[in-house]
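Read through the structure below, which is laid out as structure tokens, and then see the notes.
The values are calculated or read from the model by the stated rules, or taken from the named source; none is laboratory data. Note that this is a predicted model, so its numbers are computed, not measured. We place every Cβ from the backbone using ideal geometry, glycine too, and count neighbours over all the protein chains shown. Please note that ligands, DNA and RNA were not included when accessible areas were found on the heavy atoms of the full protein model with its side chains. Shrake-Rupley method; radii C 1.70, N 1.55, O 1.52, S 1.80 Å.
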Amino acid sequence: SRVLECQGLPIVNGQCDPYATVTLAGPSRQVLHTKVKKKTNNPHFDEVFYFEVTRPSSYNKKSHFDIEDVDEVDKMEIRVDLWNASNLKFGDEFLGELRLPLKFLRQSSSYEAWYFLQPRDNGNKSLKPDDLGSLRLNVVYTEDHVFSSDYYSPLRDLLLKSADVEPVSASAAHILGEVCREKQEAAIPLVRLFLHYGRIVPFISAIANAEVKRTQDPNTIFRGNSLTSKCIDETMKLAGMHYLQVTLKPIIDEICQVHKPCEIDPVKLKDGENLENNRENLRQYVDRIFTVITKSGVSCPTVMCDIFFSLRESAAKRFQGDLDVRYTAVSSFIFLRFFAPAILSPNLFQLTPHHPDPQTSRTLTLISKTIQTLGSLSKSKSANFKESYMATFYDYFNEQKYADAVKNFLDLISSSGRRDHKSIEQPILLKEGFMIKRAQGRKRFGMKNFKKRWFRLTNHEFTYQKSKGDHPLCSIPIENILAVERLEEESFKMKNMFQVIQPERRVLYIQANNCVEAKDWIDILTKVSQCNKKRLTVYHPSAYLNGHWLCCKATADNTPGCTPCTGGLPANIQLDIDGDRETERIYSLFNLYMPKLEKMQEACGSKSVYDGPEEEEYSTFIIDDPKETYKTLKLVIEGVATLEQEHAQYKRDKFKKTKYGSQEHPIGDKSFQTYIRQQSEISAHSI
């Protein structure tokens, strides 16, 4: 459903800041919001909202709009409500609504019209319909029939091997991005398909690496709306939603509830407000949000960390003379396209149920601007602000500790425990400090076996030495860390202890300086090792002393653990995705853009034959290897044609089995009449 524009909305209390809510009402309902348009009663929204209606069998878990019978769709309706965003305590003012039953939309795939806004059934009766203004809508209704999985095997397999195609621009997934009118169209089903089959990281790594190679200036890296950028955005939205909730939601809720004045523009200052007090309020909010973000590295989902690692690697290899590009390649996503937008519009990221009031929205805008600049690590940050008051405010944060915190955070979320021998990057230092250690397996027990050592953790190994800078006495590769768990105090009568469990039952017992340090070490060691394939599922919470395990009293030192591992953080996000539905959607896109696929084939032929300047109509396509691209295009077109035949056969069978006038096709069913007319035209043509 695309909400286009309104005209002549009523002005309430001297102002009109309208926004629309779009609801699909059925067995359950989902409400989506447009952005607020300030100071206009003729707003132009032009925003698109997607609703999916599925059968329960399509998914393992029920979606928002499960229906048992297709006829239930006819009972559903789209409702658009217009509201005036108000800062009054009793909430936003209702301006009017319209209701559009889906049974009208099923007769036409695209439906655009103007509507008079109507009062609510139980709303304000004093308002006449003519006084409510009007709204122009463009609603597109798409009805897909999803076949069983084996129908999609050829096209799905072609898509899933995209990451392994050389060059990646010749792959089916990249070609989809080239032919779609908007990259977002391609990114949504591609990301969901690749996430479902565990192939998202190699695919994004491949297309990102290709984009970096085409980038000439390190300052413009990943700044365009390319397929890479859109795919990473979509991945962060799906995989990072819980991460946002645990990181930002508590403080965003507080900002929305407390309403501290934070306006720092002298021109916009309200009567009775103090500029210095407002600056201090804003500084405290920025400081707190900056701290929760930069301390949240251990909570960042693994799939995002692996993508950031590949971005960092590609950027560092491409621009070896620029030491900052390995950071900006990651910050351009995590700060500019993830945290900053979530702070600016928390309702779009499910952090708040409604659009914030104007004062809170202004506070969030100022915080978002500052956090975005802090995360960018640009050389002259004050120059980033058009407004002098923002440049003055930013002086609070022109300290090295902020840049160091950002770099440490980016190091952690873009590190990987997987060793890459082709990597040109030095190991990334994640944490270091003095602790007391004791290795298991010594003959004598007691305090003499505990020694103070300097511990050092990188994304490659965990080491300790006598003092900082000395040669390591012991090195544990990250892939050999099978579990990191707390150790019961009863073991050695010592607090703040944890254990690093390695292959062959080797265990390193360590005491941190305090409980906070112990938690930090456990979290970060768990984070870097959580993708290890041989991670343990059970462990012993106490030590093996005097011939038995203190926890379970088992006498054999190789007895499997007696307690389930805490596991630390989830290794990945479990998403409710139907791979066949996403493949069907990709088929629909290929089918829709078939003329462009054929034009791309012509472009491949032209490039292969002629070495001169290419024709202007072909210049929009990225074609690095015409022969390989042509081969893939041929397979895509064949796969689409096969599925198109299956859909046509399905429709023929469906119509043959039902009578005109039956419940499935009542009299006046335009789709059935259209089918009969098409069939008669085909018969006449064949005769």
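Couple of notes before you dig in:
- In this structure the amide hydrogen of K451, modeled in the peptide plane, comes within under 5 Å of the amide hydrogens of K437, none closer than 5 places in sequence on its chain.
- The peptide list 398-405, 496-503, 642-649, 338-345, put in order of mean Cβ contacts within 10 Å with the highest first, becomes 338-345, 496-503, 642-649, 398-405.
- Dipole magnitude of segment 429-564 about its Cα centre (Cβ charges: Lys, Arg +1; Asp, Glu -1), debye to nearest 20: 460 debye
- Using a probe of 1.4 Å, the accessible surface attributed to C16 totals some 10 Å² when neighbouring protein chains are kept in position.
- Assuming charge only on the beta carbon of Lys and Arg (+1) and of Asp and Glu (-1), the dipole of segment 193-327 about its Cα centre is about 560 debye to the nearest 20.
- Near E432: Cβ cut-off under 10 Å, other residues only, Lys/Arg at +1 and Asp/Glu at -1. The net charge is +3.
- Phi to ³J(HN,Hα) by Karplus 6.51 cos²θ - 1.76 cosθ + 1.60 over segment 254-265, Hz, x for Gly, Pro: 5, 4, 5, 8, 7, 6, 5, x, 10, 5, 10, 8
- Amide H to amide H distances under 5 Å link I264 with no residue, where only residues 5 or more positions off or on other chains count and H is placed in the peptide plane.
- Report note on the peptides 543-549, 268-274: ranked by the mean count of other C-beta atoms within 10 Å, highest first, their order is 543-549, 268-274.
- Mean Cβ neighbour count within 10 Å, used as a protection proxy, ranking 290-298, 45-53 highest first: 290-298, 45-53
- Taking amide H as placed 1.01 Å from N in the peptide plane, L473 has its amide H under 5 Å from the amide H of Y464, Q465, K466, each at least 5 places away in sequence or on another chain.
- Farthest positive-ward along segment 224-414 dipole, Cα basis, beta-carbon charges - from M236, A405, I307: I307
- Probing with 1.4 Å while keeping every protein chain in the model, the per residue accessible area of segment 224-414 equals 39 Å².
- Residue-wise HN-Hα coupling along segment 39-46, computed from phi with Karplus coefficients 6.51, -1.76, 1.60 (Hz; x: Gly, Pro): 6, 8, 10, 10, x, 10, 8, 6
- Our summary gives segment 238-342 a relative contact order of 26 percent, counting only alpha carbon pairs under 8 angstrom and 6 or more residues apart.
- For segment 190-200, 3J(HN,Hα) per residue [Karplus equation, 6.51 cos²θ - 1.76 cosθ + 1.60, θ = phi - 60°, Hz, x = Gly/Pro]: 4, 4, 5, 5, 5, 5, 4, 9, x, 10, 5
- Debye, to nearest 20: dipole size of segment 224-414, +1 on Lys, Arg Cβ, -1 on Asp, Glu Cβ: 420 debye
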